[in-house]
Amino acid sequence: MPMGGLLPMFNSPPGGGLGSGLGGGGGGSIGGLGIRKVAGPGAFRLTEKFVLLLVFSAFITLCFGAIFFLPDSSKLLSGVFFHSNSALQTASDHKQGLGLGGIGVGGKGETEGEGERAAADNLAKIREDHERALREAKETLQKLPEEIQKDILQEKEQVLQNELLNKGNAGGLPHLDFRPPIGAIGREPTDPEIRLKRAKIKEMMKHAWDNYKHYAWGLNELKPISKKGHSSSLFGNIQGATIVDALDTLYIMEMKEEFKEAKEWIEKYLDFNVVSRPYLYHKRRLNAEISVFEVNIRFVGGLLSAYYLTGEEIFRRKAVELGEKLLPAFHTPSGIPWALLNLKSGIGRNWPWASGGSSILAEFGTLHLEFVHLSHLSGNPVFAEKVFGIRNVLNSLDKPQGLYPNYLNPSSGQWGQHHVSVGGLGDSFYEYLLKAWLMSDKTDLEAKKMYFAAVQAIETHLIRKSSGGLTYIAEWKGGLLEHKMGHLTCFAGGMFALGAACASPELTQHHIELGAEIARTCYESYNRTAMKLGPEAFRFDGGVEAIATRQSEKYYILRPEVVETYMYMWRLTHDPKYRKWAWEAVEALEKHCRVDGGYSGLRDVYLKQETYDDVQQSFFLAETLKYLYLLFSDDDLLPLEHWIFNTEAHLLPVLRKGGQELEENHK
Ligand code: DMJ
């Protein structure tokens, strides 16, 4: 690699260059040339000159050779040819950090300008490539020959597929007939009271959006108290999480201007490459890692949803582009993806806190819906193959008591610690089994089987009833129960109800009731606080029921799971109590979370006085407000038989048998 930087030096030495000096004389030895051509003094002088030139050339060659063979030749070379490269590198970094990409800095920088900057850039790139190659080589050395062979084949296959895709397709994507979506815009509710409530929720969305736009436009999230941008490490260097997460909510609420400005931002700025724009440079982390799960559910999910609502190609293109960037996460011996990925280098790893270097069930198990749609929209089967690969691994493993532990090691393909949860670390894996089946127009029978078997094991081993009659889902740690339920676990009420309609007849009523019981328990977790908003986790031990007992579990971060369950329960039963409970949540949000600068999470929902966490989470716009809006809309807005909500509430259409998805449009 360093040769690239040296070539100009070799090409222009004094005297026509080394090439002509050595090769041009007929390829013979120096002795041969000297003896055979001796004829007269003129000829002798000519030969002597030639020999001298050759000796001189050989000397220069030796000098170069010596430089190369000395230890750490790159440093020496940089000193000889590029002045002080580290100084230049620092200057270059500094300039970019200050947003001064086009302006020289003192000393050499001013006099040598452009050339020096190019040299510094070259060196930085060479060094980066070098380090990456070293890292990859180290990783490869640790692998078995069969694994290396497998990797090579996979990469070849990937290149072939990409080539195939790029042939003859505009933007590399196949032509698709876009069918306008079913029920993407609903009628105004006929009941005037419901109409007003729905309008209020739209006004909340406007307040959240306008403040984000005003104080944090283009950044990931808003800090509504400090009125500035909030950056979360989950997205690495990708920006604009709130914009992408909010797209479909803006669309169904008919906030057309806002949707337009969001789309324009995406067209101009949504960037999945680390290369930074100078003005953002200081905010970006070099080589930052993303959470594969979070980027998938929020960015891929948000873009897919926007495409299916509008048919705008920009959303399809961006979704597929990002999907491709996530593929290196699957480069593990088992095909179970890493949790974290460096989008630039393609190097993945797992959360350092995860048991025995494991990947997390709720993360690698929550890619299925989006990846199946990526294959559908790109014509490239690789995405679907990856997620079906995950399923194969899961199906090949023994499950303790039929339960799925939260930790799975991607290298060994074996379970880590036996911790089972329907809340954090496990939750959306179960959700995606059910939804994979529904989204496949009920053709994915394997997903159905896995879902109902998992729910049965959960019922047997995790679901319990408190002495006060509240049904809850405990956590399982190697056979022992922890009688705690997370806010995240509350999504399960909606899941049970959604699955009920399709369960076998003897299970339908049972699963609806299970959903209703979980909904009530989660309602109680809200109702038993001072602020009428639920804590992060609540317990059923030590004499309490549905109450947080640990200070570290008393916060509320604008999460959606409880209103999500109300939404499914409302749609499936039309029991008015769900709208009543949902409205209580709206009032509590307005009273305690709404601030001048947007909506903030709370540190302790049991206090009378708010202490704000100063974050307006992007899922508040993607999920919480969307589910509330649907609760006060008629059922013809996003009918459940046509749309699947991903775990971030982004809309994915059911893929109809024979590829006729959405064919019943406009009936
Ligand atoms: C969201 O990002 C998704 O709902 C995810 O599945 C769980 N966590 C948050 C909301 O609480």
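The values are calculated or read from the model by the stated rules, or taken from the named source; none is laboratory data. Remember, predicted model here, so these are calculated numbers, not experimental data. Heads up, the Cβs are rebuilt from the backbone with ideal geometry, glycines too, and the neighbour counts pull from every protein chain shown. Only protein heavy atoms, including side chains, enter the accessible area calculation; ligands, DNA and RNA are left aside. Shrake-Rupley method; radii C 1.70, N 1.55, O 1.52, S 1.80 Å.
For labels at Glu459 and Glu267 in the simple 7 Å Cα→Cβ model, what's the distance in nm?
For Glu459 paired with Glu267, the spin-label model returns 5.2 nm.
Relative contact order for region 175-268: what percent, with Cα pairs under 8 Å and sequence separation of 6 or more?
Once divided by the residue count of region 175-268, the mean separation gives 20 percent.
Quick one: how many Å² of Glu587 are accessible to a 1.4 Å probe, rounded to 10?
Taking all protein chains as shown, Glu587 has close to 100 Å².
With +1 on the Cβ of every Lys and Arg and -1 on the Cβ of every Asp and Glu, and nothing else charged, how large is the dipole of region 511-648 about its Cα centre, in debye rounded to the nearest 20?
Dipole magnitude for region 511-648 comes out near 440 debye.
Calculate the dipole size of region 301-408 relative to its Cα centre from +1 charges on Lys and Arg beta carbons and -1 charges on Asp and Glu beta carbons; express the result in debye to the nearest 20.
That gives region 301-408 a dipole magnitude of about 160 debye.
At 1.4 Å probe size, put Leu445, Leu327, Leu480 in order of accessible surface, largest to smallest.
These residues rank, largest area first, as Leu480, Leu445, Leu327.
Dipole of region 294-362, Cα-centred, from +1 at each Lys and Arg C-beta and -1 at each Asp and Glu C-beta, to the nearest 20 debye?
Roughly 140 debye, rounded to the nearest 20.
Just how many % of Cα pairs in region 375-514 lie over 25 Å apart, if you round to the nearest whole percent?
Of the Cα pairs, 30 percent sit more than 25 Å apart.
What residue among Leu462, Leu438, Asn392 has its Cα farthest toward the positive end of the dipole of region 365-467, where the charges are +1 on Lys, Arg and -1 on Asp, Glu, each on the Cβ?
Leu462
If amide H atoms are built 1.01 Å from N in the plane of the peptide, which residues on other chains or at least 5 residues away come under 5 Å of the amide H of Leu343?
Placed amide hydrogens put Ile290 under 5 Å from Leu343.
Fully extended, how many nm does the chain gain between Val544 and Glu482 (0.36 nm per residue separation, minus their Cα-Cα distance)?
Extending this stretch completely gives an extra 21.0 nm.
In what order, largest first, do Glu623, Glu446 sit by accessible area if the probe radius is 1.4 Å?
Largest to smallest exposure gives the sequence Glu446, Glu623.
Which part of region 494-522 falls in the paramagnetic zone of Lys580, meaning amide N under 20 Å from the point 7 Å along Cα-to-beta-carbon?
Within reach of a label on Lys580: 494, 513-522.
Just the accessible area per residue of region 406-543, please: how many Å² with a 1.4 Å probe?
Ligands and nucleic acids excluded, the figure is 34 Å² per residue.
Per the Kirkwood formula on distinct C-alpha pairs, the Rh of region 478-583 is how many angstrom?
About 14.2 Å, per the Kirkwood formula over Cα pairs.
Which sequence of Arg464, Arg198 reflects their accessible areas, 1.4 Å probe, from the largest down?
Largest to smallest exposure gives the sequence Arg464, Arg198.
Would you kindly give the portion of the calculated P(r) for region 571-651 that falls above 14 Å, as a percent of all Cα pairs?
69
Sticking with the crude label model, points 7 Å out along Cα→Cβ, report the distance from Leu607 to Gln509 in nm, one decimal please.
Once both label points are built, they end up 4.8 nm from each other.
Using a 1.4 Å probe and ignoring any ligands, DNA or RNA, find the accessible area of Trp217 and quote it in Å² to the nearest 10.
90
Can you send over the solvent-accessible area of His214, 1.4 Å probe, protein chains only, in Å² to the nearest 10?
Surface accessible to solvent at His214 totals approximately 140 Å².
Just to verify a number: FRET efficiency for Asp398 and Asp634, C-beta to C-beta distance, R0 = 56 Å, to 0.05?
That gives a FRET efficiency of 0.75.
On average, how much accessible surface per residue is there in region 227-377, in Å², for a 1.4 Å probe, leaving out ligands, DNA and RNA?
Using a 1.4 Å probe on heavy atoms only, each residue of region 227-377 averages 31 Å².
Please report the carbon-and-sulfur percent of the accessible area for region 336-465; probe 1.4 Å, protein heavy atoms only, DNA, RNA and ligands left out.
For region 336-465, the apolar C and S fraction of the accessible surface comes to 53 percent.
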